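First the structure, in the form of structure tokens, and then the observations on it.
The values are calculated or read from the model by the stated rules, or taken from the named source; none is laboratory data. These numbers were taken from a predicted model, which means no experiment stands behind them. Cβ coordinates were reconstructed from backbone atoms using ideal geometry, including for glycine residues, and neighbour counts include every protein chain displayed. Protein only, heavy atoms only, side chains kept; ligands, DNA and RNA dropped before computing areas. Shrake-Rupley method; radii C 1.70, N 1.55, O 1.52, S 1.80 Å.
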Amino acid sequence: LINFFIPNIHFNMKLLVCVSKTPDTTAKIAFTGGGTEFDTNGVQYIMNPYDEWYALVRAIELKEKEGGSVTIVNVGPAANDAVIRKGLAIGADEAVRINADPKSSMYVAKQIAEYAKQGGFDAVFCGKETIDYNGAEVGAMIAEYLDVPYISFASKLEKEGDKAVIHREIEGGSEAAEVPFPFVVSAAKGLAEQRIPNMRGIMMAKRKPLQVVEPVEAADLATVVQYELPPEKSEVKLVDPENMDELVRLLHEEAKVI
Amino acid sequence: MVLVFAESQKGQFKKAAFEAVTFGKQTADALGTSCVALTLGSSDNAGELGVYGAEKVYTVGDDSLNRFDSQVYTKVIAAAANELGASVVVLSHSSTGKSLLGRLAVRLEAGSVAGVNAVPTVDGGFKVTKSVFSGKAIAQYEIHSNRKVLSLMGNSLQPAAVGAAVSPENLAIEVPASSIQVKSVEVVEGTVPLPEAELVVSAGRGMKGPENWGIVEELAGTLGATTACSRPVADSDWRPHHEHVGQTGVAIRPNLYIAIGISGAIQHLAGVNNSKVIVVVNKDPEAPFFKAADYGVVGDLFDVLPRLNESLKKFKAEA
Ligand SMILES: Cc1cc2nc3c(=O)[nH]c(=O)nc-3n(C[C@H](O)[C@H](O)[C@H](O)COP(=O)(O)OP(=O)(O)OC[C@H]3O[C@@H](n4cnc5c(N)ncnc54)[C@H](O)[C@@H]3O)c2cc1C
Ligand SMILES: Nc1ncnc2c1ncn2[C@@H]1O[C@H](COP(=O)(O)O)[C@@H](O)[C@H]1O
């Protein structure tokens, strides 16, 4: 397994960035088919913020510093091409779309891992999680398929010699580790600063290669069978700002949280 | 068998681990099987996991496991699951659990669901629920494979004492060498980490500046609550980044969330709207947060906070 990645001696870094598409944060969430399908009607889609702001930008920064290339990979249908082009406009060199309509994280991870094995990448960047299903699973899965280290929720990543020093978020703090290439990392806030594509980037993106490949066989071991909307919140109970004893009483006697 | 990987912090098992064992026990009951716990590295109170329903507590005590490496941990937990014949593996949905869930799913060829919020139902398929679309919906997943890996969202259930402490047994599993080297670990001492906190006091841009946070900290101190903040507050370095809650920060579900001078933007709500009770203090009666609140105080936080703190102190003294 180890040889699927060919670490380069003179670091011309070959970096793979996994980019997903999610409904805009303000999208109205509704379902059709008796709660079995997400209603895409009128939903605006964006590049998953963690992928765009942090994973992609940090990969581009490393390439700019060390030399090399940044490849975007997305597992999805042709409708995702707009999001992929945006990634190219931000500064990735090339992209590949694995043509499928994935139903599970493992399916996605399997596709990306198979592609990564052929590519000889030094590192695979993911976002911390997608903001729709909040799995935070795909990166870990790719790492296991490739049998390489996985550092989740990276808030800082520097190349130092033939290793990377990566800071990751943990409960109430952070941890720093030295990690040999190749590895998979998931990107959190702090890793980079968002970049807005400029006109030149957008023009160049049109000419950058976007390859479409067919998926490999993979199973869906866990799938959504039913969606529900959460129960409506009841009206807020307003408390007189002069009477905080009353708020304390309510929290104790009614809400029973203190 | 249900195998719960119980996480300790500095060798101590705490609420998140007890919740995971309680969840494992209830899942095992639903499946008509037993629940056991696994601990890695050195710890002090592993036997206590028995109280929450672990029939046995297995330990792989190798010192190298005191440093976390997802690759190594996955191999050890998977080997334990194989040796013990576990059909369900339960993790906490913590930074450690999230680093392991996907890896274990691949290694065990198991279907996985991250951030489960209730005990599975098992008639007519193994089904679990979780919150999706930033709390705007609940999804039910079915896991189709024989083996399953789940991570439990914090504060989804109360740890339930159902048994007695047991003596941990050593499990002989070879621990592979780690290829990463942990250099430093920095954690803020003395407070409950946000994802585990039951009481959270959070403040936003309405505070005007970092110099005003004293009243927030006092209130949190009186309550025994953990402090949090909105994103612009962390972005301006008024508060440390790990306090940032919301869609791009930490997602939490405490019993009580007090939001002070926070407008309640949808991206902020995304990380907090699963809180059981929300109190909003804002001088603007039109602030969107009031729509998501259970209790609201329309007023100037600089007046309201000291008053609330006094009332709480009085309440604590009487209790
Ligand atoms: C993709 C994306 C992701 C984002 N992720 C997050 C996230 O994870 N978390 C997050 O928090 N934000 C996030 N945001 C930002 C979010 O949209 C809001 O801008 C942010 O939450 C506003 O922070 P705030 O409520 O502290 O400040 P403001 O919106 O400025 O609100 C301040 C509030 O304080 C009140 N106030 C002022 N003075 C007083 C006073 N004296 N007494 C009482 N009340 C007072 C005001 O009435 C106002 O309601 C994200 C945005 C985007 C686009
Ligand atoms: N369909 C996809 N195509 C490419 N990358 C993806 C896809 N889905 C998820 N990812 C990557 O995996 C990360 C974690 O996703 P998730 O496990 O779904 O929360 C995302 O931030 C992306 O970087």
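Side notes on the structure shown:
- Scattering from the range B:219-277 was approximated by placing one identical point on each alpha carbon and applying the Debye formula without solvent; log10 I(q)/I(0) at 0.14, 0.16, 0.25 1/Å stands at -0.34, -0.45, -1.10.
- Peptide A:13-19 - average C-beta neighbours from other chains (10 Å radius): 0
- For the range B:184-303, DSSP calls about 0 percent of its internal beta bridges antiparallel.
- Most mobile of B:Lys283, B:Lys208, B:Lys14 in a GNM of chain B (Cα contacts under 10 Å): B:Lys208
- Note on chain B: antiparallel DSSP beta bridges, both residues inside, total approximately 20 percent of the bridges counted.
- If the convex hull is drawn through the Cα atoms of chain A, its volume per residue in Å³: 189
- Volume per residue that the Cα convex hull of the range A:125-258 spans, once the total is divided by residue count, Å³: 288
- Helix A:57-66 and the longest principal axis of the C-alpha atoms of chain A enclose an angle of approximately 30°.
- The alpha carbons of chain B stretch over 61, 44, 42 Å along the principal axes, in descending order.
- 10 Å Cβ neighbours from other chains, averaged over peptide B:90-100: 4
- In the elastic network of chain A, a GNM with C-alpha springs shorter than 10 Å, the most mobile of A:Val148, A:Val70, A:Val236 is A:Val236.
- Taking label positions 7 Å along the Cα-Cβ direction at both B:Val187 and B:Val122, the computed distance is 3.2 nm, reported to one decimal.
- Secondary structure note: in the protein assembly as shown, about 35% of the DSSP beta bridges are antiparallel.
- Listed residues B:Glu142, B:Glu243, B:Glu189, most fluctuating in chain B (Gaussian network, C-alpha, under 10 Å): B:Glu189
- Taking a quarter of the surface of the Cα convex hull of the protein assembly as shown gives a mean projected area of 26.1 nm².
- Once B binds A, the 1.4 Å probe can no longer reach about 6800 Å² of accessible area, counting both sides.
- Expressed in Å, the radius of gyration and Dmax of the Cα atoms of the range A:103-148 are 10.4, 30.
- With all protein chains in place and a 1.4 Å probe, the accessible surface of the protein assembly as shown carries 50 percent carbon and sulfur.
- Each helix, a run of at least 4 DSSP H residues, gives -39500 (n - 2.57); summed and divided by the residues of chain A, these come to -6500 deg cm²/dmol at 222 nm.
- Lys pairs, the range A:52-158 - Cα-Cα below 26 angstrom, 8 or more residues apart or on other chains: 20
- CD proxy at 222 nm, helix term only [per DSSP H run n ≥ 4: -39500 (n - 2.57); per residue of chain B; nearest 500]: -8500 deg cm²/dmol
- Computed with a 1.4 Å probe over protein heavy atoms only, the accessible surface of the range A:1-150 comes to 36 Å² per residue.
- Average accessible surface for chain B: 37 Å² per residue, computed with a 1.4 Å probe over protein heavy atoms with every protein chain in place.
- Computed E for A:Arg195/B:Asp63 - FRET, C-beta separation, R0 51 angstrom, nearest 0.05: 0.70
- C-alpha center-to-center spacing [the range A:228-258, the range B:254-312] in angstrom: 10
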